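See below for the structure under consideration.
The values are calculated or read from the model by the stated rules, or taken from the named source; none is laboratory data. Note that this is a predicted model, so its numbers are computed, not measured. Every residue, glycine as well, gets a Cβ built from its backbone with ideal geometry; the counts of neighbours run over all protein chains shown.
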């Protein structure tokens, strides 16, 4: 996430520290408090800084102002925060909302797969990783996770065999 944040605006600005980027986002957000894009960027900044509560506050604002067809962006970010906080059932609900809004966006499917892995619901995770690959066949992290889960399930099955 740090790299993503630092690459924002790299064509217009020289390499900047996280603090400089955060300051830049805050200044622009003061001028345009209804920008869901800026609020989402601010949430990303706070996620990188390890401030989940502040990130959630920014995402609430982003959700308020985002047009319906774009609400999946702050929703999937919120799902990742909930996932990291081990609030997996909430993460599933929020990520599912993101998939309903943008069913053709592979990252939304991938995020649901990640949450199900954390919940140790490997069969459900496989379904979401496979749907990720249907949308984006070269999505390497999804391919890797499918292989890992399949190995895990085979080992688990082997331990149960008489």
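The listed residues are 10, 27, and the only one of them that is farther than 28 Å from residue 91 by Cα, at pLDDT 90 or above and loosely packed, with under 12 Cβ neighbours inside 10 Å turns out to be 27. Between 118, 102, 125, the distinction of being modelled with pLDDT of 95 or more and over 15 Å from the mean Cα position of the chain (by Cα) belongs to 125 only. Within the set 143, 86, the sole residue that is surrounded by fewer than 17 Cβ atoms within 10 Å (Cβ to Cβ) and either assigned to a helix (DSSP H, G or I) or in contact with a helix residue (DSSP H, G or I) (Cβ under 7 Å, 6 or more places away or on another chain) (or both) turns out to be 143.
Residues in region 98-122 that are in a helix (DSSP H, G or I) and either more than 18 Å from residue 141 (Cα to Cα) or without any contact (Cβ under 8 Å) to a residue 12 or more places away in the chain (or both): 98, 99, 100, 101. Scanning region 19-47 for residues that are in contact (Cβ under 8 Å) with a residue 40 or more places away in the chain and part of a loop (DSSP other than H, G, I, E, B) turns up nothing.
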